[in-house]
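The values are calculated or read from the model by the stated rules, or taken from the named source; none is laboratory data. The model shown is predicted, which means the values in this text are computed figures rather than measured ones. Cβ placement follows ideal geometry from the backbone for every residue including glycine, while neighbour counts extend to all protein chains displayed. Quick note on the areas: whole protein, heavy atoms, side chains included, nothing else; ligands and nucleic acids left out. Shrake-Rupley method; radii C 1.70, N 1.55, O 1.52, S 1.80 Å.
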Amino acid sequence: MSRILITGATGQVGQELVRSLAPIGDVIACDRTRLNLAAPDTLKQTICELQPDVIVNAAAYTAVDKAEQEPELANTINGMAPKILAECCKETGASLIHISTDYVFDGTKNTPYLETDTPNPVGAYAKSKHLGEVGIQDVLGDRPNQFMILRTAWVYGVYGTGNFVKTMLRVGSSREELRVVMDQIGSPTWAADLAGAIAGFTVRALNASTTAPAAPIGGIYHVTNTGVISWYDFAVAIFEEAEALGYPLTVQRVVPITTDEYPLPAPRPAYSVLSGKKTAALLGDSLPYWRQSLRRMLADLQAAVPAHS
């Protein structure tokens with residue numbers, strides 16, 4: 001049975017990956033105590049001992065605003081460590097599937113970003129994630145079937161505490177009015193759908209390692225739920241769907257505001273829509289429409305409370 005190593009296995013995507021990848025192979029679920037990307041000099045020895053056939057890198061420094069004060073740590077985890085993972089794969093023949101982000105783009109475009117569009121990261125977090133992409137391609141660029149960089153956006157899920165949906169549910173249960181940015185546009189992505197797509201990528205990576213595909217399958221892919229919405233409209237939808245399911249809510253009004261009215265240390269892309277056509281062509285279908293997945297996530301969360309609250 002193939003061995004699949006997951007980094008960041010206790011995160012909101014990592015926990016979904018443990019479930020989605022279990023039918024495919026022997027899953028080695030690593031949290032930071034076993035595989036710490038903040039200590040990149042320890043990675044090679046651990047990976048050599050574990051001998052995976054595929055590494056799925058779901059670990060990342062994701063504190064976008066805090067990265068402005070900790071750029072070196074962000075660069076270590078998001079930039080240096082993925083390159084070292086790629087070097088391990090080059091030495092062992094394993095495949096690398098790396099999760100990246102819409103933040104590698106500056107958000108000034110007004111049509112969906114393609115995998116071939118030139119990145120222009122703004123802010124410490126964005127630059128660190130782009131550094132990781134570049135490092136992987138520097139190491140494995142001549143082995144087009146051995147790596148996949150999967151950019152995603154606006155991820156939320158049942159697990160973890162810091163995602164937008166859970167934040168809205170928390171504040172919406174105690175406040176009557178919320179102010180939410182309406183001039184940032186993107187595609188909310190359910191962690192379970194993302195993990196399911198990664199399972200599809202993993203199968204193809206394993207097949208490519210044994211039988212050369214007719215065309216290279218590696219490279220960069222964009223993976224999000226379908227549909228486009230603002231943070232404001234997403235918040236409204238969260239409360240509508242949550243109310244229908246009987247969630248206890250206090251919120252009465254959601255007020256749209258501009259990004260300038262809610263300043264944060266790190267800049268956010270105004271337009272984060274990623275084209276999923278390349279992913280759909282490889283996997284045979286697009287990810288579900290964002291609202292369908294939101295409804296399913298809220299039902300799963302409701303069933304899981306208090307286990308994942």
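Odds and ends about this structure:
- Carbon-plus-sulfur accessible fraction, segment 189-309 (probe radius 1.4 Å, protein heavy atoms only): 54%.
- Accessible area of the chain divided out per residue, in Å², using a probe of 1.4 angstrom: 44 Å²
- Cβ-Cβ FRET estimate between ASN110 and ARG253, R0 fixed at 22 Å, reported to 0.05: 0.15
- Placing a pseudo-label 7 Å from each Cα along the Cα-to-Cβ vector at THR33 and ALA266 gives an inter-label distance of 2.6 nm.
- Near PHE164, once Lys and Arg are set to +1 and Asp and Glu to -1 for all other residues with Cβ below 13 Å from its Cβ, the sum equals +2.
- Sorted from greatest to least, the principal axis extents spanned by the alpha carbons of the chain come out as 57, 38, 38 Å.
- With every protein chain in place, segment 10-161: carbon and sulfur % of accessible area (1.4 Å): 48 percent
- Here the simple spin-label model places points 7 Å from the Cα toward Cβ, and for ARG296 and ASP117 these points are separated by 2.6 nm.
- Each of THR111, PRO71, THR42 was placed along the dipole of segment 33-119 (beta-carbon charges, centred on the mean Cα), and the one lying farthest toward the positive end is THR42.
- Within segment 3-80, the ratio Rg/Rh, alpha carbon atoms throughout and Rh by Kirkwood, equals 1.00.
- Fraction of alpha-carbon pairs over 19 Å apart in segment 1-153 - percent: 51 percent
- Within the chain, the whole DSSP H helices whose Cα atoms reach 18 Å or more along their own axis and whose mean Kyte-Doolittle score is at least -0.5 are 124-140, 191-210, 231-244, 290-304.
- When THR46, THR92 are compared by accessible area at a 1.4 angstrom probe, the order from most to least is THR92, THR46.
- Gain in span if fully extended, TYR289 to ASP138, counting 0.36 nm per residue against the direct Cα distance: 50.9 nm
- Estimated dipole of segment 68-214 in Debye, rounded to 20 [Cβ of Lys and Arg +1, of Asp and Glu -1, Cα centre]: 340 debye
- Here THR101 sits with roughly 10 square angstrom of accessible surface, probe radius 1.4 Å.
- Restricting the calculation to Cα atoms, segment 235-300 shows an Rg/Rh of 1.07 when the hydrodynamic-style radius is the Kirkwood one.
- Restraint check, LYS66/LYS90; LYS90/LYS127; LYS44/LYS277; LYS44/LYS166; LYS166/LYS278, Cα-Cα greater than 28 Å: LYS66/LYS90; LYS44/LYS277; LYS44/LYS166; LYS166/LYS278
- Net +/- balance of residues flanking ILE220 in space, Cβ distance below 9 Å, scoring K and R +1, D and E -1: 0
- Environment charge of ARG3, counting only residues whose C-beta is closer than 11 Å and scoring Lys/Arg +1, Asp/Glu -1: -2
- Multiplying the residue separation of GLU72 and ARG175 by 0.36 nm and removing their Cα-Cα distance gives an extension gain of 33.4 nm.
- In angstrom, the C-alpha Rg and Dmax of segment 162-239 are 18.2, 58.
- Ranked order, GLU261, GLU72, GLU133 - accessible area, probe 1.4 Å, largest first: GLU72, GLU261, GLU133
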